[in-house]
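Coordinate-derived values only; no laboratory data. Note that the structure is predicted; figures quoted are calculated from it, not measured. So basically every Cβ, Gly included, is an ideal-geometry build from the backbone, and we count neighbours across all protein chains shown.
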Amino acid sequence: MEKKKKGKILSNRLAIILIGAVAVWSLILGLVIDGYAFTLLGLGTIAAILIFNAVVIVPVVHFGIPTRVGKRIKKADGKVVILHEGFDFVLPLIDDLEEKNIISKKLTTKEIKTKAISRDRLEVFLVGSLQYSPFDPNTYIEREPETISKGLVDAIESEFGKVCGTKDADAFVKSRTEIEVLINCVLRLKRPPHYFFNEATEMTEKFKQEFPLLEIVANKVMGKISELANIDIDKEEAGKLSPKKWKLKELEKEGEPESKEPKKEEKEIDILAFYRDNTTRISLILDLLEEQQPSPIEKLYGIKVAIFRAAKIGFSEKVQKAFEEERSAIAEMKAAEVRFKKKKQLLEGYIKAGISPEAAVNLIETTTDVKGVERQIISVEGSHSMDLLAFAKLLGGGGKK
């Protein structure tokens, strides 16, 4: 692709050189022969060259960065000159707009695969996709595409790792939506909502002090101020932003070693619960505020993050297999308990009917389709264990507890 670009640029320059040579030769002939036709031809050709070289066309949904003698052209404020889609003009024979400096503003889709360690030390995997596009050309052109891609992945991995460390792995299986909204807030807002609440306490005053922009938006909608005239939302929707509507839940900490020294109690909000219980409000914030100011990562790379979609949250094959084995074992234990209860009912009936314990056990084993634990150890009244025959003897008065 790069060779094709260079080839096209070279052919354009050769064409200009050839046309220029024709123009110069025409002028020489005009001077020597004293012919106006050759002079006009030469001047016309030179004018055509200058016009041809001065006009540039930037394709739709692209922007261009012209260069002057191989260097980017800067304005008085230090920003690089950017040409937007359509016709534009540059200095002929001095400025140039190479194809490699014409950059697409279309959405780039980045596949995201990352993992983190949960509170119970298990690997949790996150698979999704991220869409973004150039927004600030001056910043964007100074970043390599690989640098932008890695920075976005690192930001997602960092936030995912933070929240994973607060919960056991199984808490994330049903939390795909919460994780998705959380990462969208981190990538698209100047400051994610949960950053404002580092203590699970009464937060009405804290909210008003640290989240004034939401108050401005709500007040504007209700006709109290007019600073944000571009916000269009009805009163009912605005009411959802009220500080009193937000829900906070304290994070339950487990597995921390006890310390003999007195420790100041530190409270944290449950981030997953926060994004689950406040989904409507947070979605409204994303709609209203993401256009006001770029997020730190958007500002750093000169991009606009469109959306992050979480496709799957799960575990490695090894961990998944362990979970399945655990569920299978629990299911088998429950099934064994059901089988025991059925046998117990049958035994009690047979013993009351006067059948001996040995005969009752044999009768159950030969006439029922309950399988698996006929002679296994069973629990009686929660504290004594014995096999089925011993239990039958106990019912028949032939044994002791």
Discussion item. Can you give the FRET efficiency to the nearest 0.05 for His62 and Thr109, using r as the Cβ-Cβ distance and R₀ = 25 Å?
Written reply: 0.90
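Cα gyration tensor of segment 46-203, axes a ≥ b ≥ c as square roots of the eigenvalues: rounded (a/c below 1.5), prolate (a/b > b/c) or oblate?
prolate
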Discussion item. Please compute the length gained on full extension between Glu142 and Lys100, using 0.36 nm multiplied by the number of residues separating them and subtracting their Cα-Cα distance.
Written reply: 13.7 nm
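Of the peptides 274-282, 169-177, how do they stack up when ordered by the mean number of other Cβ atoms within 10 Å, highest first?
Per-residue Cβ counts within 10 Å, averaged per peptide and sorted highest first, yield 274-282, 169-177.
Using 32 Å as the Cα-Cα cut-off, could you pick out the over-long pairs in Lys79/Lys115; Lys105/Lys245; Lys79/Lys190; Lys106/Lys312? Mind dumping the intermediate values first?
Numbers: Lys79/Lys115 39 Å; Lys105/Lys245 39 Å; Lys79/Lys190 23 Å; Lys106/Lys312 26 Å.
Violating the 32 Å Cα-Cα cut-off are Lys79/Lys115; Lys105/Lys245.
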Discussion item. Applying a 10 Å radius around every beta-carbon, put 183-190, 342-349, 62-69 in order of their mean neighbour count, most first.
Written reply: 183-190, 62-69, 342-349
Worksheet, complete the sentence: Once both label points are put 7 Å beyond Cα along the C-beta direction, the Val127-Lys174 separation in nm becomes 2.2
